[in-house]
1. Straight-line reach from Lys116: which aspartates and glutamates have Cα under 18 Å away, leaving out those fewer than 8 places along the same chain?
2. Two decimals is fine: what is log10 I(q)/I(0) at q = 0.13, 0.14, 0.15 Å⁻¹ for the chain, from a Debye sum with one equal scatterer on every Cα and no solvent?
3. Mind listing the Cα extents of region 1-61 along all three principal axes, in Å, largest one first?
4. If I compute solvent accessible area with a 1.4 Å probe over the protein chains, what percent of it on region 5-134 is carbon and sulfur?
5. So with the 1.4 Å probe, I'd like the accessible area per residue for the chain, rounded to whole Å².
6. At 18 angstrom or more along the helix axis (alpha-carbon based) and mean Kyte-Doolittle of 0.5 or higher, what helices does the chain contain? Whole DSSP H runs only.
7. Note down the net charge around Thr21, summing +1 for each Lys or Arg and -1 for each Asp or Glu among other residues with Cβ under 15 Å from its Cβ.
8. Test of understanding: given the chain, find the longest segment containing no GluC sites (Glu not before Pro) that are in a DSSP loop and have at most 13 other Cβ atoms within 10 Å.
Amino acid sequence: MIRLCKPLVDAIGNLESREATLADCMIELIAAEREIATIQTTPDDDHLFTQHAQQRVRIRFHEMNTDLHWFALFLHPLARKLAISSASHSRTIEKAYDVVFDLCRRWNWSEEVVMKVIQDLRRYHAGEAPFSGGSADARAWWSQLSVNMK
């Protein structure tokens, strides 16, 4: 039980700061799910319990991986390729455009602004300037970009 719960407890500990972003949460959850999925049982373990716990964690992770959570992961400069990959539960850049359209509609942004956001999103996905590079601190990376924030 301890070996199965430790990755989740560690993730919680790593995220206790008020500075943690939704992308940070997703990165920690991905790491915890992967670690739990690869736990090897010992002869003293209840193999059925371990298998059940691994399956439940995987299922719950994918239930939590909503479009908005995925989009937050995509916006982390070091995770954009992870978010759009060949993994079975990954999404496409077109899905990112859908999420942006939905958010912009909710915020009543003009069509002109929406098109600029989509253009910037394409450049970000391609890693083009000013969106090249990255940092483990996504908040600092985004705030230091040399772009017109309007």
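The values are calculated or read from the model by the stated rules, or taken from the named source; none is laboratory data. Since the structure is predicted, the reported quantities are computational estimates derived from the model, not experimental observations. When we count neighbours, we look across all protein chains shown, and the Cβ atoms used for this are built from the backbone with ideal geometry, even at glycine. Calculation scope for accessible area: heavy atoms of the full protein, side chains included, ligands and nucleic acids excluded. Shrake-Rupley method; radii C 1.70, N 1.55, O 1.52, S 1.80 Å.
1. Excluding near neighbours in sequence, the set is Glu94, Asp98, Asp102, Glu128.
2. The computed values of log10 I(q)/I(0) come out as -0.69, -0.77, -0.86.
3. So the extents along the principal axes, rounded to whole Å, are 41, 19, 13.
4. Its accessible area is 55 percent carbon and sulfur atoms.
5. 67 Å²
6. Membrane-span-like by this rule: 22-37.
7. Details: positive: Arg18, Arg80, Arg139; negative: Glu16, Glu19, Asp24, Glu28, Asp137.
Once positives and negatives cancel, what remains is -2.
8. 20-127
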